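The values are calculated or read from the model by the stated rules, or taken from the named source; none is laboratory data. Since this is a predicted model, take the numbers as computed values, not measurements. Counting neighbours? That spans all protein chains shown, and the Cβs are built from the backbone with ideal geometry, glycine included.
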Amino acid sequence: MERKYMESQIKGVSTGTTILAVTFNGGVVIGSDSRASMGGNYVCSKTINKLIQVHDRIFCCIAGSLADAQAVTKMAKFQISLHSIQMDSPPLVKAAASILKELCYNNKEELQAGFITAGWDKKRGPQVYTVALGGMLLSMPFTIGGSGSTYIYGYTDAKYKPDMTKEECLQFATNALALAMGRDNVSGGVAHLVVITEEGVEHVVIPGDKLPKFHDE
Amino acid sequence: MLQESSEPGWISEEVKTGTTIIAIEFDGGVVLGSDSRVSAGETVVNRVMNKLSLLHDKIYCALSGSAADAQTIAEMVNYQLDVHSIEIGEDPQVRSAATLVKNISYKYKEELSAHLIVAGWDKRGGGQVYVTLNGLLSRQPFAVGGSGSSYVYGFVDAEYRKGMNKEDCQQFVVNTISLAMSRDGSSGGVAYLVTIDEKGAEEKCILGNELPTFYDH
């Protein structure tokens with residue numbers, strides 16, 4: 001079985017990971033696992049938070065090299081704040097995603113990190129953007145990323161419905177994360193979920209033993 | 001991602017059945033399924049190949065990996081099983097067929113790169129599914145294999161239930177293959193299904209436009 005494992009070519013600590021973001025009726029759920037690994041064998045951290053808040057209603061999840069991702073999100077956070085002050089209004093999710101995309105594209109030779117940006121703004125409501133490795137920016141109703149996402153393409157294709165309720169969406173995201181963590185050895189730990197709506201931001205943490213179990217467990 | 005190549009892939013690349021294969025047991029038999037794409041590099045050299053190969057009347061195997069290696073193993077085991085069943089004077093056990101495949105896979109594991117899933121019905125054990133990856137032999141309630149299988153691990157983990165009947169199993173197999181074909185570049189074409197029970201083996205072909213469709217964003 002020849003599969004190229006991108007994460008193992010990253011030197012240092014990587015978030016071999018599973019990340020996802022899903023829009024529902026009125027908001028967006030963004031989620032990730034919590035494992036950081038080095039070389040595919042050693043788990044450096046069981047409880048790292050891969051959901052970075054870049055503005056009041058905009059979050060970013062990181063995959064790939066942890067050092068690169070942290071550097072980029074720190075820079076992006078600063079630029080988004082500056083932009084928001086200049087415009088005198090909360091930034092658009094698209095603007096935040098574009099800022100990340102510029103950073104990734106202009107430094108594509110050195111960087112090895114991918115992002116999912118999701119949030120809520122007044123103009124377009126809940127949105128999800130994916131910024132891929134080379135700097136591509138795409139808007140989608142939902143998206144998955146990281147090494148563990150390979151295993152749940154079939155599940156998310158089959159189970160996603162547009163305009164879900166918040167509870168259905170949380171269940172969908174939790175199931176998808178649990179399934180990916182069950183198959184990918186560099187994803188694991190707890191499931192972090194953040195629900196972003198017009199009203200605010202709600203953080204949900206589901207410890208490993210409370211994740212849904214499937215037939216062989 | 002455009003590659004500069006002066007000649008088409010089928011001249012120089014090895015022919016692989018990069019594929020999706022699945023087999024599942026139910027009470028009284030098994031269902032096997034596969035896609036139909038055979039690729040050599042980026043070229044599809046056969047879009048209608050049946051990867052479900054007969055080993056005996058009520059024992060089939062599903063081929064994946066290198067097309068030549070897989071077909072050769074299947075033919076050798078077909079011959080060995082014929083001889084064996086004449087010697088014992090009755091239909092061979094599924095476990096015997098799987099052991100014969102395993103023996104070849106293990107002995108020549110450095111030279112071969114094919115993975116066969118063996119499944120069938122015999123009067124002693126009913127419906128059985130065996131995996132023979134890299135020379136191991138293991139019986140499982142269901143098995144997936146091939147390059148497309150990575151994308152549907154989450155889906156099969158979530159959807160498999162013990163005690164499904166024949167029709168549920170057939171639907172499960174068709175859904176899984178359909179999802180894998182839509183995500184894996186090396187899987188596609190039509191879906192072949194074989195249902196084996198006490199009465200015999202029934203082959204079925206489901207054309208591309210009759211396959212179930214899922215949410216496409």
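Some values worked out for this structure:
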| quantity | calculated |
| --- | --- |
| Every residue from segment B:112-168 that is acidic (Asp, Glu), touching a helix residue (DSSP H, G or I) at 6+ places or on another chain (Cβ under 8 Å) and touching a residue at least 24 places away in the same chain (Cβ under 8 Å) | B:ASP122 |
| Contacts under 6 angstrom Cβ, first residue in segment A:153-164 being at the interface with another protein chain (Cβ under 7 Å from one of its Cβ atoms), partner assigned to a loop (DSSP other than H, G, I, E, B) and at pLDDT below 95, 6 or more apart | A:ASP157/B:PHE214; A:ALA158/B:PHE214; A:TYR160/B:TYR215 |
| Filter result (among the small types (Gly, Ala, Ser) and more than 12 Å from the chain's Cα centre (by Cα)) within segment B:140-163 | B:SER150, B:GLY154, B:ALA158, B:GLY163 |
| Matching residues in segment A:171-191 - criterion: being at the interface with chain B (Cβ under 7 Å from one of its Cβ atoms) and surrounded by fewer than 24 Cβ atoms within 10 Å (Cβ to Cβ) | A:ASN175, A:GLY182, A:ARG183 |
| Failed item in (1) surrounded by 18 or more Cβ atoms within 10 Å (Cβ to Cβ); (2) modelled with pLDDT under 95; (3) of a type in the set (A, V, I, L, M), with B:LEU136 passing the rest | (1) |
| Test: residue in segment A:153-170 that is charged (D, E, K, R), assigned to a loop (DSSP other than H, G, I, E, B) and buried (at least 23 other Cβ atoms within 10 Å of the Cβ) | no |
| Every residue from segment A:46-92 that is touching a residue at least 40 places away in the same chain (Cβ under 8 Å), within 18 Å of A:HIS203 (Cβ to Cβ) and part of a strand (DSSP E or B) | A:LEU51, A:GLN53, A:VAL54, A:HIS55, A:ILE58, A:PHE59, A:CYS60, A:CYS61, A:ILE62 |
| Test result for A:LEU133, outside any strand (DSSP E or B), modelled with pLDDT under 95, touching a helix residue (DSSP H, G or I) at 6+ places or on another chain (Cβ under 7 Å) and under 25 Å from A:LEU66 (Cβ atoms) | no |
| Exclusive hit being under 28 Å from A:LEU177 (Cα atoms) and of a type outside the set (S, T, N, Q), set B:GLY146, B:GLY135, B:GLY127 | B:GLY146 |
| Single unsatisfied condition, A:ARG57 versus (1) at pLDDT 90 or above; (2) surrounded by fewer than 21 Cβ atoms within 10 Å (Cβ to Cβ); (3) within 16 Å of the chain's Cα centre (by Cα) | (2) |
| Test: A:GLY135 is touching a Cys at 6+ places or on another chain (Cβ under 8 Å) and either more than 10 Å from chain B (Cβ to nearest Cβ) or buried (at least 21 other Cβ atoms within 10 Å of the Cβ) (or both) | yes |
